[in-house]
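The values are calculated or read from the model by the stated rules, or taken from the named source; none is laboratory data. Predicted model, so just to flag it, every value in this text is computed and none were measured. All Cβ positions, glycine included, derive from the backbone under ideal geometry; neighbour counts span all protein chains shown.
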Amino acid sequence: MQSWDMLAQTDPYWAVLTSDDRRGNRWSEEEFFATGEADVAAIMTRLASLGLVVDRTRALDFGCGLGRLTRALARRFAAVDGVDLSHVMIEKAVAIGPVSNVRFIHNPSEDLSPLDDEAYGLIVSLISIQHMPEKAAAIYVGDMCRVLARGGVAYLQLNTFLSVSDPRAAAKLTRDESLLNRVYRSARSVFRKKRLRMDTHYFRLSRLLNILERKRMQLVAVVPDSSVPEPFVSHVVIFRKRDQAPLPAPAGVTPAAASSGPAMESGGAPGGPPPGAAHR
Ligand SMILES: C[S@@+](CC[C@H](N)C(=O)[O-])C[C@H]1O[C@@H](n2cnc3c(N)ncnc32)[C@H](O)[C@@H]1O
């Protein structure tokens, strides 16, 4: 069984919002979904403040988990799809209760092939891309460019860097690889229960921007996001698919990623990180 399935089986709300004081099934459903409502309200406000008009026909919540954001999106869009790798997460999201304009989709594939081309006016992803290795995340983001409708907007939060300036954080990340310690670890593992792993990765901003440039997306904003604890550094990247099919670039000319420069916010982002994003 996949790690995310096991996490969803044992403590699903905590697996999504890992706040220490909520470990052991101590999230109330009401409080949990209130964080999703607050996050989506903050996203919509930020998009409006950037002057982006979002088509409300269909939205996609990528890495939807229990549908924390999906349900809040469903109050604002005619239809919403929530997609997740974990079939247990999807089963639990459905079991929480049906919403007529939501489809929860289990997607075990390495891309978004079950989803239609140019179907979504908005794609949202919070605290999910950080759980995929960069290579896998790059494939999903590339495919998001296909499923985004013309003029559609993507709002992706992701870890972009690993900062080990804090010595305690660095110590946690560096393992003693001496022979003695490796023998000790393997002996210990025989007696210990298999630990559930919630792997966390980062996706270099330079690589992401390169994908967007190749796919001829318009980069709208890169916003520092203080919601993820050290040693990770997080950003929200907002991009848009152009309304018109771009003209093929003349031979030897590299297409520009953005016709107008992206907004770069520094320091604490106006509007801050999405409120529910505090528990990562
Ligand atoms: C921390 S939860 C966040 C859920 C949701 N985005 C939210 O904010 O409530 C991370 C989710 O990412 C999902 N996930 C991990 N790898 C994935 C992948 N390759 N494709 C889709 N979902 C994935 C996990 O199953 C899990 O449900």
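List of remarks:
- Scoring residue 51 on the criteria (1) assigned to a loop (DSSP other than H, G, I, E, B); (2) surrounded by fewer than 21 Cβ atoms within 10 Å (Cβ to Cβ); (3) in contact (Cβ under 8 Å) with a residue 60 or more places away in the chain leaves a single failure, condition (3).
- Scanning the stretch 226-252 for residues that are of a type in the set (Val, Ile, Thr) and at pLDDT 90 or above gives 233, 236, 237, 238.
- Residues (surrounded by 14 or more Cβ atoms within 10 Å (Cβ to Cβ) and at pLDDT below 95) located in the stretch 16-48: 18, 19, 22
- Failed item, numbered, when residue 24 is tested on (1) within 21 Å of residue 228 (Cβ to Cβ); (2) out of contact with any Cys (no Cβ under 6 Å at 6 or more places or on another chain): (1)
- All of (1) assigned to a loop (DSSP other than H, G, I, E, B); (2) within 12 Å of the ligand (Cβ to nearest atom); (3) surrounded by fewer than 17 Cβ atoms within 10 Å (Cβ to Cβ) hold for residue 65 with one exception: (3).
- Every residue from the stretch 205-227 that is polar (S, T, N, Q) and either under 20 Å from residue 52 (Cβ atoms) or without any contact (Cβ under 8 Å) to a residue 24 or more places away in the chain (or both): 206, 210, 218
- If you go through the stretch 110-133 and keep only what is within 11 Å of the ligand (Cβ to nearest atom), assigned to a strand (DSSP E or B) and small (Gly, Ala, Ser), you end up with just 125.
- Residue ID - farthest from residue 14 (Cα to Cα), chosen from residues in the stretch 86-105 that are in contact with a His (Cβ under 9 Å, 6 or more places away or on another chain) and buried (at least 24 other Cβ atoms within 10 Å of the Cβ): 86
- Filtered residues of the stretch 86-109 (kept if within 12 Å of the ligand (Cβ to nearest atom), of a type in the set (S, T, N, Q) and more than 25 Å from residue 27 (Cα to Cα)): 107, 109
- Candidate set: the stretch 71-85, residues that are more than 8 Å from the ligand (Cβ to nearest atom) and not charged (D, E, K, R); chosen: the one surrounded by the fewest Cβ atoms within 10 Å (Cβ to Cβ): 78
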